[in-house]
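J.: The structure's right below; bear with me while I get my questions together.
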Amino acid sequence: MTDLSAFRDLTELSRVLSEKELFVFDMDGTVYLGGRVFPFAVSLINKLRASGKKVLFFTNNASHNPDFYVKKLTKMGFDPRPGELLTAGDVTVSFLLSHRAGKKVYLVGTPELEEQFREAGIVLSESADIVVTSFDTTLTYEKLRVACDLIRGGAEYLSTHPDFNCPVEGGFIPDSGAIAALVTASTGVCPTYFGKPYASAAKMMSEMTAVPFEKMCVFGDRLYTDIAIGKNSGVTATLVLTGETTLSDVERAEEKARPDFIVDSLADVEEALFS
């Protein structure tokens with residue numbers, strides 16, 4: 001069994017985090033779980049702002065648009081400020097506008113994500129050049145059929161984010177990566193992913209906040225997204241055990257995929273920085 005005690009040193013965590021300017025938080029499983037807010041997360045984030053630190057909420061969950069998350073975070077007591085929210089949907093839209101301007105898109109996504117794409121000026125169509133799949137809680141067999149037919153016909157295949165499961169109170173539900181796996185199984189085509197842990201998402205974090213990677217730290221509950229974006233970009237990555245990943249998962253992971261720090265929850269981060 002791997003000794004993980006070195007990952008749980010709150011004194012070292014305090015030393016490292018005290019030098020950071022931007023604190024990036026995953027949302028579901030990190031600052032809340034489904035509809036249940038973690039009060040210690042609210043307390044930590046309020047103290048970070050009061051001490052002059054920048055905060056960014058970054059969720060891969062593109063089933064809702066940014067307005068939904070602003071309202072949810074506000075209701076939970078986080079008081080999100082302008083420029084403090086980023087979603088995998090935002091990253092995908094930015095790519096389409098910058099690199100696929102004028103291309104029609106077939107979107108396998110929720111009505112909220114459809115609205116976000118349309119408001120950005122992206123044309124949604126069943127005769128499309130590009131297929132984008134996402135975390136679609138309104139998924140139907142017909143949507144999958146159309147998407148697969150288009151991809152077999154040569155359409156480019158993109159996905160907003162690779163998460164296989166979305167943590168909810170009492171367990172998990174299939175997420176974007178699970179839907180993409182189904183499409184890949186049918187077509188033989190793997191998508192280009194956006195969101196965490198990919199370079200396009202890391203670049204957008206830095207551009208939005210004007211903070212270099214070495215001055216950032218990221219907190220999240222998934223090794224393959226939240227922690228991986230840190231490890232891939234030179235950003236300090238702290239795993240919280242309030243969501244998907246367990247200590248057993250860390251023990252089984254390759255050394256390069258492990259976080260810099262592990263905490264039971266963000267309450268430990270508050271203790272390390274402010275107690």
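J.: Which one is modelled with the lowest pLDDT, of the residues in segment 1-37 that are part of a loop (DSSP other than H, G, I, E, B) and under 18 Å from the mean Cα position of the chain (by Cα)?
T.: Only one residue fits best here, namely G34.
Residue-wise test of (1) among the basic types (K, R); (2) assigned to a helix (DSSP H, G or I); (3) surrounded by fewer than 24 Cβ atoms within 10 Å (Cβ to Cβ).
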| site | (1), (2), (3) |
| --- | --- |
| A180 | no, yes, no |
| S206 | no, yes, yes |
| E214 | no, yes, yes |
| D226 | no, yes, no |
| T238 | no, no, no |
| E251 | no, yes, yes |
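J.: Sort out which residues of segment 206-242 are under 13 Å from the mean Cα position of the chain (by Cα) and in contact (Cβ under 8 Å) with a residue 40 or more places away in the chain, and write them in order of number.
T.: V218, F219, G220, D221, R222, Y224, T225, D226, listed by residue number.
J.: Could you please let me know if P39 is open to solvent by 20 Å² or more (accessible area, probe 1.4 Å) and closer than 25 Å to L266 by Cα?
T.: Working: open to solvent by 20 Å² or more (accessible area, probe 1.4 Å): yes; closer than 25 Å to L266 by Cα: yes.
Against the criterion (open to solvent by 20 Å² or more (accessible area, probe 1.4 Å) and closer than 25 Å to L266 by Cα), P39 qualifies.
J.: Right, another one. Criterion first (in contact (Cβ under 8 Å) with a residue 12 or more places away in the chain, under 24 Å from G83 (Cβ atoms) and surrounded by fewer than 21 Cβ atoms within 10 Å (Cβ to Cβ)) does E21 satisfy it? Don't jump to the end; show me each part of the working.
T.: On the way: in contact (Cβ under 8 Å) with a residue 12 or more places away in the chain: yes; under 24 Å from G83 (Cβ atoms): yes; surrounded by fewer than 21 Cβ atoms within 10 Å (Cβ to Cβ): yes.
Yes, satisfied.
J.: Another question, if that's okay. Please enumerate the residues belonging to segment 58-107 that are surrounded by 15 or more Cβ atoms within 10 Å (Cβ to Cβ), in a loop (DSSP other than H, G, I, E, B) and touching a residue at least 60 places away in the same chain (Cβ under 8 Å).
T.: Listed by number, the residues that qualify are N60, N61, A62, S63.
J.: Can you find even one residue in segment 117-132 that is open to solvent by less than 10 Å² (accessible area, probe 1.4 Å), modelled with pLDDT of 95 or more and over 30 Å from M216 (Cβ atoms)?
T.: Of the residues in segment 117-132, the ones open to solvent by less than 10 Å² (accessible area, probe 1.4 Å) are 117, 130-132.
Subsequent filtering for residues that are modelled with pLDDT of 95 or more retains 117, 130-132.
From what's left, over 30 Å from M216 (Cβ atoms): 130-131.
So far as segment 117-132 goes, yes, one or more of its residues are open to solvent by less than 10 Å² (accessible area, probe 1.4 Å), modelled with pLDDT of 95 or more and over 30 Å from M216 (Cβ atoms).
J.: Let me ask something else about it. Which count do you get for residues in segment 141-172 that are assigned to a helix (DSSP H, G or I), open to solvent by 30 Å² or more (accessible area, probe 1.4 Å) and in contact with a helix residue (DSSP H, G or I) (Cβ under 8 Å, 6 or more places away or on another chain)?
T.: 1
J.: Touching a strand residue (DSSP E or B) at 6+ places or on another chain (Cβ under 9 Å) and either free of Cβ contacts under 8 Å to residues at least 12 places away in the same chain or farther than 21 Å from E244 by Cβ (or both) - does that describe any residue in segment 161-171? Spell out how you get there, then give the answer.
T.: Taking segment 161-171 first, the residues touching a strand residue (DSSP E or B) at 6+ places or on another chain (Cβ under 9 Å) are 161-162, 164-169, 171.
Now narrow it down to the ones that are either free of Cβ contacts under 8 Å to residues at least 12 places away in the same chain or farther than 21 Å from E244 by Cβ (or both): 171.
There is at least one residue in segment 161-171 that is touching a strand residue (DSSP E or B) at 6+ places or on another chain (Cβ under 9 Å) and either free of Cβ contacts under 8 Å to residues at least 12 places away in the same chain or farther than 21 Å from E244 by Cβ (or both).
The values are calculated or read from the model by the stated rules, or taken from the named source; none is laboratory data. In this text the structure is predicted, and so the values were computed from the model without any measurement. Positions of Cβ are backbone-derived with ideal geometry, glycine not excepted, and every protein chain shown enters the neighbour counts. All accessible areas refer to the heavy atoms of the entire protein, side chains included, with ligands and DNA or RNA removed. Shrake-Rupley method; radii C 1.70, N 1.55, O 1.52, S 1.80 Å.
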